[in-house]
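The values are calculated or read from the model by the stated rules, or taken from the named source; none is laboratory data. Owing to the predicted nature of the structure, the values given are computational and were not obtained by experimental measurement. Please note: Cβ atoms are built from the backbone with ideal geometry, for glycine as well, and neighbour counts cover all protein chains shown. Calculation scope for accessible area: heavy atoms of the full protein, side chains included, ligands and nucleic acids excluded. Shrake-Rupley method; radii C 1.70, N 1.55, O 1.52, S 1.80 Å.
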Amino acid sequence: MEEEGPQRTQRTASHRLFLDDVEYQSFVRRLDWSPDGNLLLTPSACFYDLQAESVQSRSNYTYTVYGFLKHGLSQPAFMLPGLKTYATCIKFNPYLYQKTTDAAKVPLLDLPYRMVFAVATTDQVIVFATDQQTPIAVIGNIHYAPINDLAWSGDNTLIACSSDGYCSIMSFKDGNLIGKRLCNETIEDLTLQQHYTELDSVDLRRFEMQVKNLKGT
């Protein structure tokens, strides 16, 4: 009868998901939920390739953004490629859009609609969509310091503010870039449909006129 050799135990490799306060030189870490409420994106993330052959390669990390599903927050569902520096904040466009029909594009998530979101890093603003893995826009060299916050005004204007004391306004007038908005009536979620109806009823021009009148007094 042959003696069995010592049994080897398998260990599951793991690594940290986010940068610590020593490596992360920004005041904020602004994560954001998607407008449909199913997706959470997190900045200041890092990825280690634990399958790399050399120990040095496994110890190096790349900057990324992790996407978590609402019903699976224990581990990321996907990560974003192509970040040269760490992400500081993320902001979803508040609307849903029609999916593109380009079969050559590999989606981040297989959804019946398209969601658009912006990722700010220390030196860039990168705009992504859920129906493709490559960015739809990359804007750089707009600030002298890291970007601290993002905000969408309407469906095609993005505002970024930085520690250098300035704000940048980016307008996406080309409808093919962001996409075509879904009609409120075609959205199955009734709560989301009501939200968009109320959002469309806001008179932004009236607010602009009130601000101008206050400045004039």
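Does any residue of the range 196-212 turn out to be farther than 30 Å from Arg29 by Cα, open to solvent by less than 70 Å² (accessible area, probe 1.4 Å) and assigned to a helix (DSSP H, G or I)? Within the range 196-212, none of the residues are farther than 30 Å from Arg29 by Cα, open to solvent by less than 70 Å² (accessible area, probe 1.4 Å) and assigned to a helix (DSSP H, G or I). Note on the range 156-205: among residues that are touching a residue at least 12 places away in the same chain (Cβ under 8 Å) and of a type in the set (D, E, K, R), the one that is nearest to Gln124 (Cα to Cα) is Asp164. Residues of the range 114-129 that are free of Cβ contacts under 8 Å to residues at least 60 places away in the same chain and in a loop (DSSP other than H, G, I, E, B): Asp123 alone. For the subset of the range 191-217 comprising residues that are at pLDDT below 75 and hydrophobic (A, V, I, L, M, F, W, C), which member is nearest to Val116 (Cα to Cα)? Per the stated criteria, the residue is Leu199.
Of the residues that make up the range 171-179, is at least one among the polar types (S, T, N, Q) and surrounded by 20 or more Cβ atoms within 10 Å (Cβ to Cβ)? Step through it out loud before you land on a result.
From the range 171-179, those among the polar types (S, T, N, Q) are 171, 176; that's our starting set.
Checking which are surrounded by 20 or more Cβ atoms within 10 Å (Cβ to Cβ) leaves us with none.
No, the range 171-179 contains no residue that is among the polar types (S, T, N, Q) and surrounded by 20 or more Cβ atoms within 10 Å (Cβ to Cβ).
Filter the range 81-90 for residues that are assigned to a loop (DSSP other than H, G, I, E, B) and either modelled with pLDDT of 90 or more or open to solvent by 30 Å² or more (accessible area, probe 1.4 Å) (or both) and give the result. Don't jump to the end; show me each part of the working.
So in the range 81-90, the residues assigned to a loop (DSSP other than H, G, I, E, B) come out as 81-86.
Answer for the range 81-90, where residues must be assigned to a loop (DSSP other than H, G, I, E, B) and either modelled with pLDDT of 90 or more or open to solvent by 30 Å² or more (accessible area, probe 1.4 Å) (or both): Pro81, Gly82, Lys84, Thr85.
Residue count for the range 131-153 under the criterion of being open to solvent by 40 Å² or more (accessible area, probe 1.4 Å), out of contact with any Cys (no Cβ under 7 Å at 6 or more places or on another chain) and under 19 Å from Asp32 (Cα atoms): the result is 4. Of all the criteria given as (1) assigned to a loop (DSSP other than H, G, I, E, B); (2) modelled with pLDDT of 80 or more, the one not satisfied by Met170 is (1).
Considering each residue of the range 154-164, count those that are open to solvent by 40 Å² or more (accessible area, probe 1.4 Å) and modelled with pLDDT of 90 or more, and give that number. Going through the range 154-164 one residue at a time, the tally reaches 2.
Taking (1) in contact with a Cys (Cβ under 6 Å, 6 or more places away or on another chain); (2) among the hydrophobic types (A, V, I, L, M, F, W, C); (3) more than 26 Å from Tyr61 (Cα to Cα) in turn, Ala120 satisfies each apart from (3).
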